[in-house]
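First comes the structure, then the notes that go with it.
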Amino acid sequence: MKGMSIIVQKICQIVAPVIFLFGIYIVIHGHLTPGGGFAGGVIMAGAFIFQIISYGSDLPKLQKKEFSLEILESSGILGFLIIACLGLLFSTVGIFFANFLPTGKIGELVSAGYIPLANIVVAAEVSAAISLIFLAMIVFKEEISDDR
Amino acid sequence: MILYILCFVLFMVGLYGVLVKRNLIKIIIGLAIIEYSVFLFLILIGYVKDGTAPILNSEAEGAIFVDPLPQAMVLTAIVIGLATTAMLLSIAIRLYRKYGTFDIREIRSLKG
Amino acid sequence: MNNLVPLYIVVPLGFALLSAILGKFIRDIGKYLLNIGLLFLTILTIYLIVYVPETLIYRVGGFEDINSIPIAIYMMIDGFTKILLLVISLVGFLVALYSISYTKQYTAEPKFYILFLLMMTGMFGMVISGDIFNMYVYLEIAAIASYALVAFGIEKHQLEASFKYQVLGCVGSMLILMGIGFIYWQTGTLNVADIATQLPAAGPYTKFVSVLFIVGFGLKAAMFPFHAWLPDAHSSAPSPISAMLSGVLIKAIGIYVIFRLFFNMFALSPQIAMAITVLGILSMLVGVLLAIGQWDIKRLLAYHSISQIGYVVLGVGIGMILLANDGDKAIAAFSIMGGLFHLINHSFFKGLLFLNSGAIETATGTRNMKKLGGLSEKMPVTTATTFSASMAISGIPPFNGFFSKLIIIIAAVQAGFYWLAFIAVIVSIITLASFTKVMRYTFYNKKLPERLSKIKESPFAMALSMSIMAVLCLAFSLLVIPEFREIVFSPAVEALMGASPPINSLMGY
């Protein structure tokens, strides 16, 4: 699909990194303010989608992106599963999903066990997944062959 | 009490959309309205009078919080609803490429 | 020993993600991971059934009860769960063997195995979870994976069937979520055992929530008024997926949950028990009467699925009616045992029938019985396995279908429901008639048409898995012997019926 006019492209250059940074802020403060992994991941995907809409789609470049996005998405959930399984090995109780990192003071950025790590991993997965859904729907329609 | 009845009315509006409309996209929008009405209903259940957001800060000890469990349930259900809608839309796009139309009266190759 | 419980979720989910990552670098790793994972889980399930008779309870995160109120997420394996685990893992493993050679015709082959493993995660999680909201989450995981798998070949009829399936499935899920909301409003907890103590018995509020759950889970289990999606979805899906859907999915996410909730969570009320049994009888009749006139093999098998699910609901429903009216507990236990035995049997013979239709379709390229004929001289293995599966579903001794249908009919007669037993016998005779038609038109009694004279037998993996399933169809009739009955069925019947043992062991653990 074709891109948009030059005004939209210039504004995209300025605004898309700011959106991405805002998404990272919501993810990292997930245990202190509302938001967390899923909401921050969606905002991060929004920055990516904004770029594609304003610049148009270039098929070979986006196919290479699809490869790395799939690996990022699966690694995200695998990381979450590994954090859950580490609770089996390292905590004192030896049970699935137990909180095994030290919880600090309430309100600090570094506190609450493994919850910030889980937020980061979930955000990586969600942003990759939503970008993949967008790519699959809009850009790869040229690959669908018509029926016989 | 009136709010719960309004949630139910919204459910009926979505169900009307699923049953009566003939365009595939309008059926999907009807399903989305049904989902959102159920999420609204779940959040309304957890309301406590004069409660604030249920996040534990260092200054808000001993305040009244609204119930956080329905909020966690609705967050999970929103993600599931997103996956369902994405799945439905992908099938609708493929159907359009195969049949050339969104009208469900034309998409009838299975009978009996 | 309790630490074995999360393996049922970690193994399929971990293998799905590993095959997604490694499948881009190593070819065909999805097949190996799928088969190894399901073989491991089958062996684990058989070990649990034979050597570990007590209920296993696992609290995720290790949060202990506060003032004896359960606050953790519970995972629970008791007798009823073990039967479903055996069915899911064993049928899943045999279908995975079959799909090694079946999926060679698809270009997007690695994604089939990822979706299959995700569907297994959803089904296992639903069966072992101990609170209703996690049941809903795993239900959605399994359902969304199955929507994608039904549309896997991207032909016209597959897309249309998947769309119909999705719309009805989504409405059902929303009704279930609303029911969960109503339960939380009244009791303030989500744990199944805790709700059983808190829910007020048999008022209009409880009846409304029961009706919401029956409609919602009935849409997932394809009982009578909600069966409209099943013929399209199960006949258009690829054959191993039809076998999984019809043999395992509608039981794990439909029948299992209805019986778990109505026996262990709600207090038994006579009207709801009567409603469930009536729905079962209507499913039996409608399914088999609509199946006779079909000429498409898989559509005929899909309609028969509706009718056999009606048998299972009838068997357990008679037990429910007897318990709700304070009847004879021995007859109720006998009837529930018959229903559960038929549940196991149906997974195996219906799965085998769908795999056979897949073998016929890959060899000849058509599913229409009018265009086939005389295949028995070229495809001996397929003929033998279809013959044994047809005998099993019609209830001919010594196959397993005979024993389970006999137990249900005897229980109905002993409980005094003579009309129900009569209808069950009539339905069984009509089932025999339609399967004789299938065998005649496809395999025997007609000459092979000219264009089909060059077909060969199915590939090795498909033939191996079909033969193992046919042998199991004979072997499961041994479960009627009282020693095996004690191991497999008595814990399940006790878990459903008697003094709610899951509640006692959950609360005072």
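Applying the selection to the stretch C:28-64, what residues are surrounded by fewer than 15 Cβ atoms within 10 Å (Cβ to Cβ), more than 13 Å from every other protein chain (Cβ to nearest Cβ) and over 17 Å from C:Ile88 (Cβ atoms)?
Within the stretch C:28-64, C:Asp28, C:Tyr32, C:Val50, C:Tyr51, C:Val52, C:Pro53, C:Glu54 qualify.
Only one of B:Leu44, B:Leu15, B:Leu31, B:Leu6 is away from chain A (no Cβ under 14 Å), surrounded by fewer than 15 Cβ atoms within 10 Å (Cβ to Cβ), in a helix (DSSP H, G or I) and within 15 Å of the chain's Cα centre (by Cα); which? Talk me through it step by step, then tell me what you get.
Numbers: B:Leu44 fails: surrounded by fewer than 15 Cβ atoms within 10 Å (Cβ to Cβ); B:Leu15 fails: surrounded by fewer than 15 Cβ atoms within 10 Å (Cβ to Cβ); B:Leu31 fails: surrounded by fewer than 15 Cβ atoms within 10 Å (Cβ to Cβ).
Result of the check over B:Leu44, B:Leu15, B:Leu31, B:Leu6: B:Leu6.
Please work out which one of (1) at pLDDT 85 or above; (2) small (Gly, Ala, Ser); (3) touching a Gly at 6+ places or on another chain (Cβ under 6 Å) is the condition A:Ser111 fails and give its number.
All conditions are met except number (1).
When you go through C:Gly351, C:Gly315 one by one, which is the residue that is buried (at least 24 other Cβ atoms within 10 Å of the Cβ), of a type outside the set (S, T, N, Q) and farther than 24 Å from C:Pro238 by Cβ? Outline the logic, then answer.
On the way: C:Gly351 fails: farther than 24 Å from C:Pro238 by Cβ.
Residue meeting the stated conditions: C:Gly315.
Check B:Leu95, B:Leu82 and return the single one that is modelled with pLDDT of 90 or more and of a type in the set (A, V, I, L, M, F, W, C).
Working: B:Leu95 fails: modelled with pLDDT of 90 or more.
Selected residue: B:Leu82, the only one of B:Leu95, B:Leu82 that is modelled with pLDDT of 90 or more and of a type in the set (A, V, I, L, M, F, W, C).
Identify all residues within the stretch C:168-210 that are farther than 26 Å from B:Ala72 by Cβ, in contact (Cβ under 8 Å) with a residue 40 or more places away in the chain and not in a loop (DSSP other than H, G, I, E, B); write none if there are none.
Taking the stretch C:168-210 first, the residues farther than 26 Å from B:Ala72 by Cβ are C:168, C:201-204, C:207.
Narrowing further to those that are in contact (Cβ under 8 Å) with a residue 40 or more places away in the chain: C:168, C:201-202, C:207.
Scanning the stretch C:168-210 gives C:Leu168, C:Lys207.
Table: residues versus (1) touching a residue at least 60 places away in the same chain (Cβ under 8 Å); (2) away from chain C (no Cβ under 14 Å); (3) among the hydroxyl-bearing types (Ser, Thr, Tyr); (4) part of a helix (DSSP H, G or I).
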position	(1), (2), (3), (4)
A:Met4	no, yes, no, no
A:Lys10	no, yes, no, yes
A:Val18	no, yes, no, yes
A:Gly35	no, yes, no, no
A:Val42	yes, yes, no, yes
A:Ile53	no, yes, no, yes
A:Leu62	yes, yes, no, yes
A:Ser68	no, no, yes, yes
A:Leu81	no, no, no, yes
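Give me the pairs: first residue in the stretch C:55-81 and on the phi < 0 side of the Ramachandran plot, second residue in a loop (DSSP other than H, G, I, E, B) and among the polar types (S, T, N, Q), beta-carbon distance under 7 Å, and six or more apart or on different chains, which are they?
Listed pairs, sorted by first residue: C:Met76/C:Thr55; C:Ile77/C:Thr55; C:Asp78/C:Thr55.
Listed here are the residues, each with its yes/no results for (1) within 8 Å of chain C (Cβ to nearest Cβ); (2) assigned to a helix (DSSP H, G or I).
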residue	(1), (2)
B:Leu69	yes, yes
B:Met73	yes, yes
B:Ala86	no, yes
B:Arg94	yes, yes
B:Lys98	yes, yes
B:Thr101	no, no
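Testing B:Val38 on (1) surrounded by 17 or more Cβ atoms within 10 Å (Cβ to Cβ); (2) among the hydrophobic types (A, V, I, L, M, F, W, C); (3) under 17 Å from C:Ala161 (Cα atoms); (4) away from chain A (no Cβ under 14 Å), one condition comes back false. Which one is that?
So the condition that B:Val38 fails would be (3).
So which residues in the stretch C:177-207 are of a type in the set (A, V, I, L, M, F, W, C), within 12 Å of another protein chain (Cβ to nearest Cβ) and more than 27 Å from the chain's Cα centre (by Cα)? Spell out the reasoning first.
First, the residues of the stretch C:177-207 that are of a type in the set (A, V, I, L, M, F, W, C): C:177-178, C:180, C:182-183, C:185, C:190, C:192-193, C:195-196, C:199, C:201-202.
Retained after the next criterion (residues that are within 12 Å of another protein chain (Cβ to nearest Cβ)): C:177-178, C:180, C:182-183, C:185, C:190.
Once the filter is applied, which keeps residues that are of a type in the set (A, V, I, L, M, F, W, C), within 12 Å of another protein chain (Cβ to nearest Cβ) and more than 27 Å from the chain's Cα centre (by Cα), the stretch C:177-207 yields C:Phe182, C:Trp185.
The values are calculated or read from the model by the stated rules, or taken from the named source; none is laboratory data. Keep in mind that what you see is a predicted model, and the values were worked out from it rather than measured. Note that each Cβ is placed from the backbone with ideal geometry, even for glycine, and that neighbours are counted across all protein chains shown.
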